[in-house]
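Chemist: Okay, handing you the structure first.
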Amino acid sequence: MKTRHFFASGRLLAATAALAGAVTLGGAAAVARSQVTVAVVNDFAGWNPYADSTSQMYMIWCQTYGCLGTFDTRSGEYKGLLAERWEIGKDNPNEWTFYLKKGIKRQGDGKELTAEDVVHSLWRNKNDPRSAQKQNTRPVKEAVALDKYTVKFVTSQPTAPLLSFLFDRLIITGKDLYEKHGQDVDRKAPLGYGPYQVKDIVVGQRMVLEKHADWPGIEAGNPDRLIFRRIKEDEARVTGLLNGEVQIALHIPPHLVDRVRGASNIDLKNVPSVEVMFLAMNPNFKPWDNKLVRQAVGYAIDREAIVKAIFRGGADVLHGPIGSGQYGYDPSVAPKYNYDPEKAKALLKQAGYPDGVEIDFYTATNRYVNDRQSSQAIVPMLEAAGFKVKFHTPEYSTHWPIVRKGKRPFYYQGRGSVVDPSAAIAQYFETGATPRIGYSNPELDKILKAERQEFDEAKRKALLLKAFNIIQEDLPAFFLWRIHNYVGMSKTVAFEPMSTERIFGFDIVVK
Amino acid sequence: MTNSALTEEAILARPAAQGSRVPRGLRPWLTPKIVLGGGIVLVLVIMGVLAPAISPFDPNRQNLLGAMQAPQWLAGAHFLGTDHVGRDILSRIFYGARISLVIAITVVVISGIVGVGLGAISGYFAGKIDFAIQKLVEVVWAFPPLLLAIAIMAFFGQGLGILIFALVIQRWIPYCRVARGQALSLRSRDFVHAARSLGARNARIVMKHILPNLMQAATVIGTFAMATAIIAEASLSFLGLGVPPSIPTWGGMLADGRAYISTSWWLALFPGLCIFFTVLGINLLGDGMRDIFDPRLKRSGQGMG
Amino acid sequence: MFTYITRRVTGTIPVIILISLLVFMLVQSAPGDPADLLLSDEATEQDVAEARARWGLDQPVWVQYWKFFTAAIQGDLGTSFRYADPVLSMILDRLPATIELSAFSILIAVVFGVPLGVWAGARPNSWADNFGSLFGFFGISMPNFWFGIMLILLLSGVLNLLPSSGRDTYGIASDPITGFYLLDSILHRNWKALWDGLAHIIMPAIALGTNMMGILMRVTRSSVLEVMHEDYITTARAKGVNERNVLWRHAVRNAMIPIITVVGLELGTLLSGSIIVETVFSWPGSGQLLISAITARDYPLITGTVLTYTMIFVVINLVIDVLYAVIDPRIRFDK
């Protein structure tokens, strides 16, 4: 029996009670004066600025290490950041010359940015074993430093939309630091040429940036410290915003918009996203090999109703691969697929399926705003047209490799960062580009190739329009909508969000 | 332990036993826990079985124009309101009861068969078979509950079958342990020897003499396993690893409704309450049965989340 | 005693090896190629092949396992595909957050569960017992993620009392010493950080601890009930010791053994519960690490994290077994 007494339970209880007494409810601690916390959604891979390929991380690396320029969706123009100006070779459209801003000093040691650093950055983008960004430099064959501030990029074939590949995406890092530290450079010397310096990174949690006051164009009103904090849960993100834990919150889902709008201390901005959502129909599978079946899908779905009910009006119906504000959009093109369930039924019958046809429909969950919900709403509409739908909502990491191998016949998908649609259209519809949809049309291929090599804007837009028309007629993918990006921000900051979801410290003013 | 638990049972049973017109055999069963727990479970079973008859709507019928309607109680068509695609929540709750029950019962039955079977074999034959089975038990049991289920669902995708497999994979073990213990003690008893000497086959001996002795323990383990299975299904759905959305489950409803919790609370509240009360009912029932059957079974079914 | 412990420890080793094999095979058999997920949208076939070679995925599974196994026994769990950091150090970075949360949950469970159980057990069938039992069943039956969401909604959303998620507010903490945020704050005498840490931990800890609280309440109740009928209690009463002293000094003290046992047994449930609660509250622990590893098909990180969880669980079980043997010598000769 003696052994049973070894625990002095009374004392233990007293101690725990005392500790619990110290736990009194208290609110979040006050935020330092010039500090702005931004709530973001995506996970990130750590210190290596080439290891992620998400717009969130391009945005962060672009203002820390630096990038040549950015596309400003507010003015609709490319804007130089590290580059002052650029030009295309008059005799050779494969040569692009970028003139760097002079006197850009590196954080910490004050070393000046040179053309050699840009050349090194291209090399690292293409050769870093962890690089997930090689696709951004694929059109570029080589880069040559012409003098200290001038660098020439040579493309393998004329590429009119080259800036959409390089700007915002090619991260510029210091050559000498890499030579000194090798692959450990990002951790040992995270010093860049941008307006903010990386202070701390906790994977999956937050990144802390501090203002580099010497940077040209940075002002006293810009936040001294910029924290990107990952809060994946929508409710938690919005609650954090309302309680003042974060000052800017991205990706506020439509159904929480009213909650944010009702708060007196918060401004809510609504920007159409540049991510286009579509239903991919792989013609290598039955019944999608039949154009009429694909078109039946186009007529079967009441997109207005879904936008109204699921997105609470926070989405724009697309009448083609792109919408207003995206390069090459022509508002005069008449909508082709208006909701018409009878026509959908008739098309299905005409295609040889009078008794309907069984299909499998895949939507990965937790990927896009209201992905599961909007797809759920699509299912009965397809069924009304005669499809017998088996609806699957796999986890994204199970789903995506199958899509990439071209083995998913019918799925809901988004393509982000479509400012200039050239790369995205080629990626999904050009023969041999990726097997994701498995669509092949020599006529389209020819147009896409010509479009990329066309430097005359009007002619290029006309070619793009031709390509869009083919896609709309053949319908290997039915473009559904663009979801608005709601950005909530505390009234203590002034900031005009962009549709590319880029949040730069130099765009934020602390009131 | 026996002594005090009997007292506990006596104390708990007293108020019920005083009610006089109840048949004698039923009296020990009328403890508050069993009555309350059994009542809840009975309501659940009725809801599940009669779902097609009592549901006011098709659980999958959508009405986008009538989405997100607040509970109308008796004033309108949608007693508990509608969800984000305009489906009737009450109907989905009824059908959800059915699916939850089917999942929970299937899991428990399969776990029971596998666990009792392996346990009986393990204990009855002893030796190498016992060693192998016990190593398997040790390895599978070494995973924190739910961890293995999360991995299986994440890797092998959605589906009722995979879900049931993921839930069974650890739940057979408590059965196996009890069955093995019983079999070990039984195999030395006289009547087993007698049966064997009379030429009965091993399988027959196991079936006839060992299994009946396990029924009480298995029932108690089963009720707790049911409770944890329902919570586990909801947890997996919460992580986005549940069954396909065309099957109405409470966990799935909760996972869908979670997004709307601050604006349309009824989407998540009602399925959440249903899960809570179901688990509560099953736990009460199990606890009550355990008090009656065998106090030594305490804690045997706990610890699965 | 020593031989018993040695026997139990050596008996655990083959189990751990089998577990590592099982985890490795499970992860390998998962459909979906990590290269397809981790490389960019537009990676070429050649990029994929390069990555697979770098990660060793181009080799037969047995070779991969052998490499993993030989490295693991030297304390190297490999390098994460996604984060390119050593898996072991990543886990060790995250583990304190999980342990801190779990410890705080146990604290809450004990502080509320045990007194309630004593209270209920001392007065069987009174309103106190009924209320206590209801509370206990409430705790056992509450799905922790749902409870967590409800807490966020109420305490952060409606009442604005507590921060909705995360572990700390940036800029308050002193330099980490142990990695345990609350402990570090105390060591640094940084009371502001301690306060901040407590404000962050309390909701997730309640959500996680409620279940154990319910179980503790039930177990305490029945242990107290049991002890109250033992001879020495009757003797103590006969000697005129007042009822309060009988209860707290004699009865509760002896009820501690089953209570400690249950805390040990329930640690596994707590561990897996923390995976979900960490997701709800964006708590930067190893549970979140596991979920992001699964989502990214980061094989070494999944294997490492699952194995760590399992090892912790195995060690806890081992410690409980050994403790039992210390307490009750008969066990050593069983089996």
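The values are calculated or read from the model by the stated rules, or taken from the named source; none is laboratory data. Just so it is clear, the structure is predicted and the values come from calculations on it, not from any experiment. Heads up, the Cβs are rebuilt from the backbone with ideal geometry, glycines too, and the neighbour counts pull from every protein chain shown. These area figures cover heavy atoms from the full protein model, side chains too; ligands, DNA and RNA do not enter into them. Shrake-Rupley method; radii C 1.70, N 1.55, O 1.52, S 1.80 Å.
Chemist: May I ask you to find the residues of region C:129-148 that are shielded by at least 10 Å² of accessible area once the whole protein assembly is considered instead of their isolated chain (probe 1.4 Å)?
Modeler: In region C:129-148, residues shielded by partner chains: C:L134, C:F137, C:F138, C:I140, C:S141, C:M142, C:P143, C:F145, C:W146.
Chemist: For each cysteine in the protein assembly as shown, check whether another cysteine's C-beta sits under 4.7 Å from its C-beta; list those where none does.
Modeler: Lacking a cysteine Cβ partner under 4.7 Å: B:C176, B:C274.
Chemist: Among the residues of region A:381-396, which ones have their accessible area go down by 20 Å² or more when all the protein chains sit together, as opposed to their chain alone (1.4 Å probe)?
Modeler: The answer is A:F391, A:T393, A:E395 - residues whose exposure falls by at least 20 Å² when every protein chain is included.
Chemist: Another one. For region A:401-488, which chymotrypsin sites (Phe, Trp or Tyr not before Pro) are in a loop by DSSP, counting at most 13 other Cβ atoms within 10 Å?
Modeler: Qualifying residues, ordered by number: A:F455.
Chemist: In addition: Please work out how many pairs of lysine residues in region A:419-511 are eight or more positions apart (or on different chains) and have Cα atoms closer than 29 angstrom.
Modeler: For region A:419-511, qualifying lysine pairs total 7.
Chemist: Probe radius 1.4 Å, ligands and nucleic acids left out: can you give me the accessible area buried at the B-C interface, summed over both chains, in Å² to the nearest hundred?
Modeler: 4400 Å²
Chemist: Counting only protein heavy atoms, what percent of the accessible surface of region A:115-265 is carbon or sulfur at a 1.4 Å probe?
Modeler: Its accessible area is 46 percent carbon and sulfur atoms.
Chemist: Determine the share of region C:86-238's accessible area contributed by carbon and sulfur atoms, expressed in whole percent, with a 1.4 angstrom probe.
Modeler: 67 percent
Chemist: If DNA, RNA and ligands are ignored and the probe is 1.4 Å, what is the ranking of C:W248, A:W86, B:W266 by accessible area, most exposed first?
Modeler: From most accessible down to least: C:W248, A:W86, B:W266.
Chemist: For region A:231-270, with every protein chain kept in place, what is the accessible area per residue (1.4 Å probe, Å²)?
Modeler: Value for region A:231-270: 31 Å² per residue.
Chemist: With a 1.4 Å probe and all protein chains kept in place, how much accessible area does B:F293 have, in Å² rounded to the nearest 10?
Modeler: Approximately 50 Å² of B:F293 is accessible to the 1.4 Å probe.
Chemist: Here is a further query. Report C:Y309's accessible area, 1.4 Å probe, all protein chains in place, as a number in Å² to the nearest 10.
Modeler: 10 Å²
Chemist: Largest first, what is the accessible-area ranking of A:I88, C:I294 with a 1.4 Å probe?
Modeler: Largest accessible area first, the list is A:I88, C:I294.
Chemist: Here is a follow-up. Out of B:S197, B:S246, B:S235, any idea which swings most in a Gaussian network model of chain B, alpha carbons joined below 10 Å?
Modeler: Maximum fluctuation in the GNM of chain B, among the listed residues, is at B:S197.
Chemist: Can you give the alpha-carbon Rg of chain C over 2.2 N^0.38 Å, where N counts its residues?
Modeler: Relative to the 2.2 N^0.38 Å estimate, chain C comes out at 1.20.
Chemist: Moving to a separate point now. Which trypsin sites (Lys or Arg not before Pro) in region B:129-200 sit in a loop by DSSP (not H, G, I, E or B) and have at most 16 other Cβ atoms within 10 Å of their own Cβ?
Modeler: Sparse-neighbourhood loop trypsin sites (Lys or Arg not before Pro): B:R189.
Chemist: Would region A:271-350 count as rounded, prolate or oblate if I go by the C-alpha gyration tensor, calling it rounded below 1.5 in a/c and otherwise prolate when a/b exceeds b/c, oblate otherwise?
Modeler: Because a/c hits 1.5 or more and a/b exceeds b/c, region A:271-350 counts as prolate.
Chemist: Here is a further query. Would you compute, from DSSP H runs of 4+ residues alone, the mean residue ellipticity of chain C at 222 nm, taking -39500 (n - 2.57) per run and dividing by the full residue count, rounded to the nearest 500?
Modeler: So the calculated ellipticity at 222 nm is -24500 deg cm²/dmol.
Chemist: Quick one: among C:A72, C:A122, C:A84, which has the greatest mean-square fluctuation in a GNM of chain C with alpha-carbon springs under 10 angstrom?
Modeler: Of the options given, C:A84 has the highest mean-square fluctuation.
Chemist: Which distance in nm do the two modelled labels at C:R237 and A:K79 give, with both placed 7 Å along the Cα-to-Cβ direction?
Modeler: Each label point lies 7 Å from its Cα, and together they span 8.2 nm.
Chemist: I'd like the carbon and sulfur percentage of the solvent accessible area for chain B, probe radius 1.4 Å, heavy atoms only, ligands and nucleic acids excluded.
Modeler: Carbon plus sulfur share of accessible area: 67 percent.
Chemist: I want to check the label-to-label distance for C:V9 and B:L26. Put each point 7 Å from Cα in the C-beta direction and report it in nm to one decimal.
Modeler: Using points 7 Å along Cα→Cβ, the separation is 6.0 nm.
Chemist: Given a cut-off of under 8 Å on Cα pairs at least six residues apart, what relative contact order in percent is computed for chain C?
Modeler: 26 percent
Chemist: While we're on this one: Grab the DSSP H runs of chain A that are 4 residues or longer, score each as -39,500 (n - 2.57), total them, divide by all residues and round the 222 nm result to the nearest 500 deg cm²/dmol.
Modeler: -8500 deg cm²/dmol
Chemist: Among A:E112, C:E278, A:E219, C:E50, what's the order by accessible area (1.4 angstrom probe), most exposed first?
Modeler: A:E219, C:E50, A:E112, C:E278
Chemist: Am I reading the A/C interface right? What is its buried accessible area, both sides, 1.4 Å probe, to the nearest 100 Å²?
Modeler: The A and C chains share an interface burying roughly 5400 Å².
Chemist: Under the rule a/c < 1.5 gives rounded, and otherwise a/b versus b/c splits prolate from oblate, where does chain A land using the Cα gyration tensor?
Modeler: The shape class here is oblate.
Chemist: Continuing with this model, one more query. Per residue, how many Å² of accessible area does region A:95-166 show with a 1.4 Å probe?
Modeler: About 35 Å² of surface per residue is accessible.
Chemist: If you don't mind, there's one more thing I want to ask. As I understand it, the dipole of region C:131-222 uses +1 on the Cβ of Lys and Arg and -1 on the Cβ of Asp and Glu, about the Cα centre. Which of C:G166, C:S141, C:I202 lies farthest toward its positive end?
Modeler: Highest projection toward the positive end goes to C:S141.
Chemist: R0 = 30 Å: FRET efficiency of A:K446 with A:V202, Cβ-based, nearest 0.05?
Modeler: 0.05
Chemist: For C:H188, what accessible surface area do you get with a 1.4 Å probe? Give it in Å², rounded to 10.
Modeler: Number for this one is 80 Å².
Chemist: Counting heavy atoms of the protein chains only and a 1.4 Å probe, report the per residue accessible area for region B:115-266 as a whole number of Å².
Modeler: Ligands and nucleic acids excluded, the result is 35 Å² per residue.
Chemist: Pick from B:P271, B:P245, B:P145 the residue whose mean-square fluctuation is largest in a GNM of chain B, springs joining Cα atoms under 10 Å.
Modeler: B:P245
Chemist: Per-residue ellipticity at 222 nm for chain B, helices alone: DSSP H runs ≥ 4 residues times -39500 (n - 2.57), over residue total, nearest 500 deg cm²/dmol?
Modeler: Helix contribution divided over all residues of chain B: -22000 deg cm²/dmol.
Chemist: What is the spin-label model distance, in nm, from B:S197 to A:W123 if the labels are put 7 Å beyond Cα along the C-beta direction?
Modeler: Here the answer is 9.1 nm between the modelled labels.
Chemist: Next up: Run the dipole for region A:276-483 about the Cα centre, Lys and Arg Cβ at +1, Asp and Glu Cβ at -1, nothing else charged, and hand back the magnitude in debye, nearest 20.
Modeler: Here region A:276-483 has a charge dipole of around 360 debye.
Chemist: What do you get for Rg/Rh over the protein assembly as shown if you use C-alpha atoms and the Kirkwood form of Rh?
Modeler: My calculation puts Rg/Rh at 0.99.
Chemist: Moving on. Chain pair B, A: how much accessible area is buried, both chains summed, with a 1.4 Å probe, in Å² to 100?
Modeler: Buried area between the two chains comes out at roughly 1900 Å².
Chemist: Kindly flag which residue pairs out of A:K291/A:K343; A:K148/A:K199; A:K134/A:K232 have an alpha-carbon separation exceeding 19 Å in this structure.
Modeler: A:K148/A:K199; A:K134/A:K232
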